[in-house]
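The values are calculated or read from the model by the stated rules, or taken from the named source; none is laboratory data. Just so it is clear, the model here is predicted, and its values are computed rather than measured. Cβ placement follows ideal geometry from the backbone for every residue including glycine, while neighbour counts extend to all protein chains displayed.
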Amino acid sequence: MASSSTLGSSSSSEDFQQILDEKKRKRMVSNRESARRSRMRKQNHLDELMGQVSELTKHNNQILTSINVASQLYSKVEAENSVLRAQMSELATRLQSLNEIIDLINPSNGVLESGNFDQTAYYHPHDDAFVNPWNSFSVNQPFMASADMIMY
């Protein structure tokens, strides 16, 4: 009977070993499947990140293009402003000079009437434009400027 109990325990240890081998095999299959799923998730995540990099690079290039266009436009407007400021300064100087000439010519400010000069003694009706050239212009007559008058 001793030999039959040895046989019984040996078959039960073989069954146990088979069960362990089956569990080990199932665990290996499960681990392989889990590793495969992990690699797939990792690859999908990498693909998503690469797509984001591509989109961000494209967006970055669009922003850089917009910045370059805006910078060129800014430079152009700044150059135009510089020209306009120079023209404004030139025109302001001319206006000041013309106002000074008008002040010298205008008899109402007393320049021609001051001192020993007696305007009535030398008055001739035809010389009125010579003495005061501004009297030859009508008050309602418009004064037009042309583009040729503005020098750059």
If the requirement is being modelled with pLDDT of 95 or more and assigned to a helix (DSSP H, G or I), which of these qualifies: S9, S34? S34
For H45, all conditions in the list (1) touching a helix residue (DSSP H, G or I) at 6+ places or on another chain (Cβ under 6 Å); (2) modelled with pLDDT of 95 or more hold save one; what is the number of the exception? (1)
Does V83 count as in contact (Cβ under 8 Å) with a residue 40 or more places away in the chain, of a type outside the set (G, A, S) and assigned to a helix (DSSP H, G or I)? yes
